[in-house]
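Structure first, commentary second.
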Amino acid sequence: MTQAVFSPFNSATFISSSPLPFPSSTPPLNSLPQLPIMTTIVLPPELLTLIFEHLPQSDLHTCTKVDQLFHATATPILWRSPSFLHPASLHLFSRCLTIAKEPRGKLVRSLHFSELDLNTYVNDDFLLTIAPHLPLLDLLDLSSCQSVTDRSLIPLATHCPALEVLLLESSPCTLRTLFELAHQCPHLRVLNLRAAQNLPHLALLPFTRHRHLSSLVLTDCRWLADDTAQDIRRLPRLRSLELINCRSLSDVFLRALATGDLTDLMNVYLSGNPALTDAGIVPFVEAHPALHEISLARCAITDVTIHTVATRLPALRLLDVAFCAVTSAAIRTCVVRCPDLEMVGLTGCEDAAAADFPELGFEGGELDVLWLDQIAMIRTVEMERLEREMLEAEEMEGEGAGASGAELREAEIENDGKDNEEGEGEEEDEMEQED
């Protein structure tokens, strides 16, 4: 015999196969409180949005088919940053943009085409098809898309004026593209030109009047020259500059940057440039006291640069001097003088080995990185040593002051004795004259 059992979770009834009857004290069903039915209407759209933002794209696509509320909430999230799992999805995305009754392209904010299995399918024709439908696009990653040239990049600048981040790593673009980007995309903040080798040494000249560019990546760019520094130094909002493995860089280049108006510069990466020495890096560091991160691996620097960093960069957090001729004493000074330091790269530093930091407990060998906890241990030991030296110096000064005081007292006694002898002699002379 079956029985109808009340479920407080949906205020409905379901069939239970339990043969046990209700106790006689159980109230009738119509006397129990009726709880509201939980539906999607109970959740506000803001809460649904927060939930949907943590769902993968496949689940978001399923949510668009539940009801009107789910569709209206999930659709903007689904189109905000679409992911492409295979080349066929690129064609589907392009087709949806062009034939959709509603302008879905206005919902797209970021596109990433840097995956190795996709970048070969992203070419000028594809970009020319989708760009006119993306007026609010603010991030575009075309890294390693070597089939994208000026033919599509120049119109892209016109169709996507809201661009803020553009990654053109290994791009065959030329000066014409950069000219259009500088004039058509006034909100551009991040520009990655890593290994873009078809540019002249004056490629950054169009951006000298750009007021929003804050991050510039020029790693592996062999076209950089001393004249390029004159253009970089006129980017007043620049906060991050990456110049790794640019073999054409020289001390003249850095000294030119030191004379610029880069007051907001916080992160500089100069690793892999063996032509850079203390003569160029020291004035550059002195001119930018707000630096938080500086990478100097494989540069021809010495302790002179480290002491300058220690005295001029109080807010430093990251320092990389791998394969540089620096000593452990200079590193210790830097650790003490830079209280916010979180990481120091020391790979390949022969004069700053693990044995030079006995408080860390390493048996020997090379020391690759000093992390935050290790830096704190070194700082504690150094501060205690400095305090002991100060106390010893004060004691020595006190002993010296006591010795000098005793000598003064002895000198005074001798002087008093001489004065007394002279006084007695004068009295005897006076008595003889009276006689």
Fill in: Matching residues in segment 236-273 - criterion: being under 15 Å from Ala287 (Cβ atoms) and in contact with a Gly (Cβ under 8 Å, 6 or more places away or on another chain)
Asp251, Val252, Phe253, Leu254, Arg255
Fill in: Tally of residues being part of a loop (DSSP other than H, G, I, E, B) and among the aliphatic types (A, V, I, L, M) across segment 206-254
9
Worksheet, complete the sentence: Restricting segment 41-70 to residues that are touching a residue at least 24 places away in the same chain (Cβ under 8 Å) and of a type in the set (Asp, Glu), the one nearest to Phe84 (Cα to Cα) turns out to be Glu53
Practice prompt. Identify the single condition in (1) more than 18 Å from Pro155 (Cα to Cα); (2) in contact with a helix residue (DSSP H, G or I) (Cβ under 8 Å, 6 or more places away or on another chain) that Leu191 does not satisfy, given that it satisfies every other one.
Written response: (1)
Discussion item. Go through segment 188-211 and report how many residues are under 18 Å from Gln230 (Cα atoms) and surrounded by fewer than 19 Cβ atoms within 10 Å (Cβ to Cβ).
Written reply: 8
Practice prompt. Identify all residues within segment 330-369 that are closer than 17 Å to Ala310 by Cα, open to solvent by 60 Å² or more (accessible area, probe 1.4 Å) and either in contact (Cβ under 8 Å) with a residue 60 or more places away in the chain or not in a loop (DSSP other than H, G, I, E, B) (or both); write none if there are none.
Written response: Arg337
Discussion item. Tell me yes or no: at least one residue of segment 173-185 is under 17 Å from Trp79 (Cα atoms) and in a helix (DSSP H, G or I).
Written reply: no
Worksheet item: Is there a residue in segment 316-323 that is over 26 Å from Ala275 (Cβ atoms) and either of a type in the set (A, V, I, L, M, F, W, C) or not in a loop (DSSP other than H, G, I, E, B) (or both)?
Response: no
Worksheet item: If Leu372 satisfies every condition in (1) closer than 25 Å to Leu270 by Cβ; (2) crowded, with 16+ Cβ neighbours inside 10 Å but one, which is the exception?
Response: (2)
Discussion item. Would you confirm, using the coordinates I've provided, whether Asp124 is modelled with pLDDT of 95 or more and surrounded by fewer than 19 Cβ atoms within 10 Å (Cβ to Cβ)?
Written reply: yes
Worksheet item: Residues of segment 75-90 being part of a helix (DSSP H, G or I) and either among the basic types (Lys, Arg) or closer than 25 Å to Val165 by Cβ (or both), which ones?
Response: Thr75, Pro76, Ile77, Leu78, Trp79, Arg80, Pro87, Ser89, Leu90
Item to complete: State all residues of segment 255-288 that are of a type in the set (A, V, I, L, M, F, W, C), open to solvent by 50 Å² or more (accessible area, probe 1.4 Å) and part of a helix (DSSP H, G or I); if no residue qualifies, say none.
Response: Ala279
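The values are calculated or read from the model by the stated rules, or taken from the named source; none is laboratory data. The shown structure was predicted, so the numbers you read here are calculated from the model rather than taken from an experiment. Using ideal geometry, Cβ is built from the backbone for each residue, glycine included, and neighbour counts are taken over all protein chains shown. Protein only, heavy atoms only, side chains kept; ligands, DNA and RNA dropped before computing areas. Shrake-Rupley method; radii C 1.70, N 1.55, O 1.52, S 1.80 Å.
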